[in-house]
Amino acid sequence: MKKLTSFTHLKTGEGDRIAYTFSEVDEKGNLVSQQNKGNFIVVDEMLQGHVQAIMDYIKTNRLAE
């Protein structure tokens, strides 16, 4: 099974990009691989709304003085 270990949002020339890392674990719990990486451009409107909601949350709750 694949287990997400981290992700980040980046603004690029192509648009919003999500980069992520994951590990693979077998059915017995043994680590098969780690530090696997992937990324994609956000094209789905619903996902773009979620990205915006996270950015809004940070601006309101972590950056406001």
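The values are calculated or read from the model by the stated rules, or taken from the named source; none is laboratory data. Values in this document were obtained by computation on a predicted structure and should not be read as measured data. Neighbour counts run over all protein chains shown; Cβ positions are idealised from the backbone, glycine included.
A few points about this structure:
- Tally, over the range 13-35, of residues that are in contact (Cβ under 8 Å) with a residue 24 or more places away in the chain and either closer than 28 Å to residue 53 by Cβ or of a type in the set (Lys, Arg) (or both): 5
- Applying the criterion of at least 3 residues that are at positive phi to the strands (runs of 3 or more DSSP E) found wholly in the chain leaves an empty list.
- Close pairs (7 angstrom Cβ cut-off, 6 or more residues apart or separate chains): at pLDDT 95 or above in the range 49-65, not in a helix (DSSP H, G or I) and not basic (Lys, Arg) anywhere: 51/9; 51/16; 51/42
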